[in-house]
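First comes the structure, then the notes that go with it.
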Amino acid sequence: MIFVTVGTEQYPFNRLLTWVEAVRDRTNPDEVLVVQAGACTTVLDGACHWRRLDRERFVEFARKARLVVSHCGEGSFLELQALGCAYVLVPRRAHLGEHIDDHQQELAEALAGRGVPVAWSLAELEVYWSRGVTATDLGALGQPLVHHLIRRYTRPVPAAAALWSQP
C-alpha cells in the first residue's frame, strides 16, 4: 500500500497526484493507494480518497504503507521521521499555484542535502517508488536533523506573548 498525503493547504497539489498515478500505472497498476487529497481536484482511479485525516488515521495509514509519498510540509516531515516510516517528499511550487511561496522548495533543498529522499521529478519519484526507501535508510538522519529543523523553522516567542502562557 502507498499512502499519499498532500497536506491541508487551500491550494491543490494535482501535480503530485498525477505523478503518483503515472508511477503506479507503470510499475504496479494493482497497488493499493490511500490518498489524503486536501484541496486537490484530481481523483485517482481505484484509490481511497480522504480530504482530511485526523492524526490517528494519518499514523495508521503511514505505518501500514510500504511507502509514504508526501508534500514537503514541516509538520508532515517531522511526523513521518518520528514514525520511522519509509517516505519520499515532493515540494509544492509557488509558480505552479501549489502554494503562496517556495518555502517547501527551500526546506526540500536543505533536507536533500542531509540525505532525506526528495523527488524533484516524476522519474525520481519512480526510482524511490520502485526501489523502496526503508526506514533503516532514513535512520541515519536521527535527532541532529530534527534539532536543526526546530532551530531553523521555529520562531521565537515574543516576551509579552510568553507572559500570557504562564499559569
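The values are calculated or read from the model by the stated rules, or taken from the named source; none is laboratory data. What you see is a predicted model, and the numbers here were worked out from it, not measured in a lab. No Cβ is skipped: glycine too gets one built from the backbone with ideal geometry, and neighbour counts run over all protein chains shown.
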(request) Could you list, in sequence order, all residues of region 92-121 that are aliphatic (A, V, I, L, M) and more than 15 Å from the chain's Cα centre (by Cα)? (result) Ala94, Leu96, Ile100
(message) Checking the conditions here, which among Val69, Val35 is closer than 26 Å to Gly115 by Cα, touching a residue at least 60 places away in the same chain (Cβ under 8 Å) and buried (at least 22 other Cβ atoms within 10 Å of the Cβ)?
(response) Val69
(message) Need pairs with beta-carbon distance below 6 Å; first residue more than 13 Å from Trp19 (Cβ to Cβ) and at pLDDT 90 or above and within region 89-102, second acidic (Asp, Glu) and surrounded by 13 or more Cβ atoms within 10 Å (Cβ to Cβ); sequence gap 6+ or separate chains.
(response) none
(request) Go through region 8-40 and count every residue that is of a type outside the set (A, V, I, L, M, F, W, C) and in contact with a helix residue (DSSP H, G or I) (Cβ under 6 Å, 6 or more places away or on another chain). (result) 2
(request) Look at region 105-115 and say how many of its residues are touching a residue at least 12 places away in the same chain (Cβ under 8 Å) and either in a loop (DSSP other than H, G, I, E, B) or polar (S, T, N, Q) (or both). (result) 3
(message) Any residue at all in region 14-24 that's more than 20 Å from Cys85 (Cα to Cα), at pLDDT below 95 and of a type in the set (Asp, Glu)?
(response) no
(request) Go through region 86-114 and give me each residue that's among the acidic types (Asp, Glu) and over 13 Å from Gly73 (Cα atoms). (result) none
(message) surrounded by 13 or more Cβ atoms within 10 Å (Cβ to Cβ), among the β-branched types (Val, Ile, Thr) and closer than 17 Å to Trp129 by Cβ: is that true of Thr27 in this structure?
(response) no
(message) I'd like to know if region 57-68 contains one or more residues that are at pLDDT 95 or above and more than 24 Å from Val23 (Cα to Cα).
(response) yes
(request) Can you confirm whether region 99-106 contains a residue that is touching a Phe, Trp or Tyr at 6+ places or on another chain (Cβ under 8 Å), surrounded by 15 or more Cβ atoms within 10 Å (Cβ to Cβ) and among the polar types (S, T, N, Q)? (result) no
